1. What accessible surface, in Å², does a 1.4 Å probe find on Arg362, ignoring ligands, DNA and RNA and rounding to the nearest 10?
2. What net charge do the residues around Leu325 carry, taking every other residue with its C-beta under 12 Å from that of Leu325, with Lys and Arg at +1 and Asp and Glu at -1?
3. Out of residues 5 or more away from Arg379 or on other chains, whose amide H comes under 5 Å of its own, with H placed 1.01 Å from N in the peptide plane?
4. Taking +1 at the Cβ of each Lys and Arg and -1 at the Cβ of each Asp and Glu, which of Gly77, Ala248, Ala232 sits farthest along the dipole of the chain towards its positive end, judged by Cα position relative to the Cα centre?
5. Express the carbon and sulfur contribution to the solvent-accessible surface of segment 122-193 as a percent, rounded to the nearest whole number, probe 1.4 angstrom.
6. Carbon and sulfur atoms: what percent of the 1.4 Å accessible area of segment 276-379 do they account for?
7. For segment 93-132, divide the Cα radius of gyration by the Kirkwood radius and give the resulting Rg/Rh value with two decimals.
8. So what's segment 62-218 giving for Rg/Rh, alpha carbon basis, Kirkwood Rh from the mean inverse pair distance?
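The values are calculated or read from the model by the stated rules, or taken from the named source; none is laboratory data. What you see is a predicted model, and the numbers here were worked out from it, not measured in a lab. Don't worry about glycine lacking a Cβ; one is built from the backbone with ideal geometry, like all the others, and counts go over all protein chains shown. Surface accessibility is based on the protein's heavy atoms, side chains included, excluding ligands, DNA and RNA. Shrake-Rupley method; radii C 1.70, N 1.55, O 1.52, S 1.80 Å.
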Amino acid sequence: MDSDRWARTADLLRARLVRRIMDAGTLRDPAWRAAFERVPRHVFVPYYYRPYPGGRGWDRLAADDPDPRRRARWLAGAYEDIPLVTRVREGALVSSSSQPSLMAAMLEALEMREGQTVLEIGTGTGYNAALLAHRLGGSAVTTVDLDEEITDAARDHLAAVGFAPGPGGRGRVTVLTGDGALGCHERAPFDRIMATCELASVPEAWLRQCRPGGMVLAPIADGLAALRVTDATHAEGRFLSTPAYFVALRGPGAPPHPAPAPVRGDERARATHVPPAVLDDDAFRFVLALAAGELEISWAFGGRGAAITAPDGSTVRAQRDGTVLVAGPRDLWAVVEDSYRLWRRERFARRERFGVTVSGSRQWAWLDAPDGPHIWPLR
């Protein structure tokens, strides 16, 4: 495929992606729509990985693949509305390019206007920073990532689309290597702080670096909390309607994501009236994540049940016949049962009814009201 034809194909694929995002109800703001129409995602993902069936490793698709059919697959995949795994170490996902429709929802939720500044936590490929820079100008955007290899690549990608220092550039995006939990004191205050990584709670430094009246957009419990900042120690807001799955924030300043502990004790069998199929519902899994904290949920037994593991070593295997096998210090299925009863009693509450409050050293999630009967400590 010659370069002109390649560029035309990329333009057509990008236009199709924008139409699909718009059809789904996002990109209502013409300025963000223009950013998605103009910023070429494929430049930011010169290669990415897709898992082989059955979890047997990763298939690398790349722009420099000698097979023209695989290059065509790479380009088409760059403009699918899916997340793309961009870095894998020892078989584990380290970094990715988020799903474009999710990125669009997050950017619109920021309610930004020209002249404002933004700090992005989690640089990834640099694509999101480029979208922000197209809207606000490169000098308004600061992005931080822990991994020097990631930030070096992002600088190259941003330079390739014009957000580089020097004559001819459209304003330099500041790309920093560092602990995202600490933010960027040198360039504060910011009007918006957005994270593209999962959090257990909101780092204290972010509120100190956000202007009063500004917003922190934080992925928590597989949801997105849009918090209005009152001052350096107080913020509050509700979750957006969309689910959000990100790699956890890393670094010494990050809120703790405890490492899984070994299972302690033998399994104990009991009966339940709550079937494992409740875990199919994304809205319920969100409620469960608020109530139980970080969990690993997987399906097993040929589709007949589910297995859950918690960092404290608690486990449960729930089978379709109503039997659960629990082990460790907590009965995890009891948490599932309690959460399910609450969720049903509240008429299958969606994400928008939940929120987060930060008040000094305390942080908690809540249903309907910060001082209501249903709250879950985040810190």
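1. 130 Å²
2. -1
3. It is Gln363, by chain and number.
4. Projecting each Cα onto the dipole axis, the largest value belongs to Gly77.
5. 50 percent
6. Details: 2280 of 4700 Å².
So the carbon and sulfur contribution to the accessible surface is 48 percent.
7. 0.97
8. Ratio value, two decimals: 0.98.
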